[in-house]
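Notes to accompany the following structure.
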Amino acid sequence: MAKTLNTFLFGDYRIATATSGRSGYKHTFGGAHDRKGTSREDCNGILIHLLHRLDLTDPAVPIAIPGVRWLPFYYCFDFRANDLGYQLISDEELVTFFPEDDPNVSQEESWPDDNFPPEFPESPIKIAPRDYDPTNLEDAFQWAGAFGIGKLSAPDQATAKARVSEIMDSLGLGIPETEEDFEQALSRPFMQGKPDGPCLNPECSNRKTRGQLISIALMPAEPVRGVHTFGRWGGGVQLIFQMCPKCYTIRVSNQCD
Ligand SMILES: [Zn+2]
């Protein structure tokens, strides 16, 4: 996939893009922490960064969370955590959850680049709907990792499966056989497959169940021109934001191309 400055938002069989620009809503990228629960002290000494902050009253945003107007996208770029979980309590407060079972993390505070900024410069963001028709074969195939192919006709579903089998075979990855195999293989636009981690909220019944989270956003490494969130060498890293349909906890993970 070509690198773009588009951040894609997913929900309700709709796609929107978040890009630099002004609108009637006060969506932003970067800036200071926007609510309680985000400080270093609140996060076991770990500094998290605010990325987008979206006003969910904008009808172009295809995401809804009960009792929440401002949806912040946070991530931990400190290598002590790969994935970050957070539950929005209100527009004034959130609670973070850090996975304790990730072996691939650093013991010491370390950042993607020298002089990593304590926060990203704040800039305005606009949201625009993007064409997407879940009953169209090409659209469904291209975004199957976010929405599946369940809205396609039976013949089109068969075509999509045949096509992904051919791609997998040509890459020497083996031909999918079960429904589960196909669901994993039909993973565009996620470069390393659709993430299937469990909910990070220890009190949620999805805590032990994989594959339950809904993808709500896909963010490139340079979401705003000139802001390289993963540093000079991290241009191919994407962030995937997923949300638990039971407790609305957000889980953020990264993938490389
Ligand atoms: Zn949950």
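Tell me the net charge near Ala16. Cut-off is 13 Å between Cβ atoms, Ala16 excluded, with +1 for each Lys or Arg and -1 for each Asp or Glu. Working shown, then result.
Working: positive: Arg14, Lys126, Arg130; negative: Asp12, Asp55, Asp58, Asp131.
Result for the neighbourhood of Ala16: -1.
Go ahead and estimate [θ] at 222 nm for the chain from helices alone: -39,500 (n - 2.57) per DSSP H run with n ≥ 4, summed, over the residue count, rounded to 500. Kindly include the intermediate steps, with their values, before the conclusion.
Working: 4 runs with 34 residues, N = 257.
So the helix-based figure for the chain works out to -3500 deg cm²/dmol.
With angles folded into 0 to 90 degrees, how steeply does helix 154-170 sit against the dominant principal axis of the chain? Use alpha carbons for both and round to 10.
Around 80 degrees separate the two axes.
Can you give the Rg and Dmax of the chain based on its C-alpha atoms, in angstrom?
Over the chain's Cα set, Rg and Dmax evaluate to 18.2, 55 Å.
Compute, for the chain, the length of the dipole vector about the Cα centre, with Cβ point charges of +1 (Lys, Arg) and -1 (Asp, Glu) only. Units Debye, rounded to 20.
Working: 24 positive and 36 negative charges, 131 e Å.
Roughly 620 debye, rounded to the nearest 20.
List Glu166, Glu108 from most exposed to least, where exposure is judged by having the fewest other Cβ atoms within 10 Å.
Values: Glu166 11, Glu108 7.
Ascending number of Cβ neighbours within 10 Å: Glu108, Glu166.
Ala154 to Trp111: FRET efficiency via 1/(1 + (r/R0)^6), r the Cβ-Cβ distance, R0 35 Å, to the nearest 0.05? Walk me through the numbers before you get to the answer.
Numbers: r = 50 Å, r/R0 = 1.42.
So the FRET efficiency works out to roughly 0.10.
Over the chain, with a Gaussian network built from C-alpha contacts below 10 Å, which listed residue (Tyr74, Tyr132, Tyr86) shows the highest mean-square fluctuation?
Tyr132
Which of Glu138, Glu41 has the fewest other C-beta atoms within 10 Å, and how do the rest follow up to the most?
Working: Glu138 10, Glu41 7.
The most exposed by this proxy come first: Glu41, Glu138.
Distances longer than 14 Å among the Cα atoms of the stretch 16-94: what percent of all pairs is that? The partial results should precede the final answer.
Numbers: 1948 of 3081 pairs.
Cα-Cα pairs of the stretch 16-94 separated by over 14 Å account for 63 percent.
How much length is gained if the chain between Arg130 and Asn6 is pulled fully straight, taking 0.36 nm per residue apart and subtracting their Cα-Cα distance, in nm to one decimal? List each step's numbers first, then the result.
Details: separation 124, 0.36 × 124 = 44.64 nm, distance 1.08 nm.
Stretched fully, the Arg130-Asn6 segment lengthens by 43.6 nm.
If we count other beta carbons within 10 Å of each Cβ, what is the order of Ser153, Ser123, fewest first?
On the way: Ser153 10, Ser123 17.
Ascending number of Cβ neighbours within 10 Å: Ser153, Ser123.
Relative to the Cα centre, what is the charge dipole magnitude of the stretch 111-257, using +1 at the beta carbon of each Lys and Arg, -1 at the beta carbon of each Asp and Glu, and rounding to the nearest 20 debye? The partial results should precede the final answer.
Working: 14 positive and 20 negative charges, 84 e Å.
Dipole of the stretch 111-257, to the nearest 20 debye: 400 debye.
Note down the magnitude of the dipole of the stretch 5-84 about its Cα centre, charges +1 on Lys and Arg C-beta and -1 on Asp and Glu C-beta and zero elsewhere, to the nearest 20 debye. Walk me through the numbers on the way to the answer.
Working: 9 positive and 8 negative charges, 39 e Å.
About 180 debye.
Within the stretch 171-257, which GluC sites (Glu not before Pro) sit in a loop by DSSP and count at most 12 neighbouring Cβ atoms inside 10 Å? It would help to have the intermediate numbers written out before the result.
On the way: sites: Glu177, Glu179, Glu180, Glu183, Glu203; in loops: Glu177, Glu203.
Passing both the DSSP loop test and the Cβ count: Glu177, Glu203.
The numbers here are math on the coordinates, done by the rules we state, and not lab data. Please read all numbers here as calculations on a predicted model, not as lab measurements. Virtual Cβ from ideal backbone geometry, glycine too; neighbours counted across all protein chains shown.
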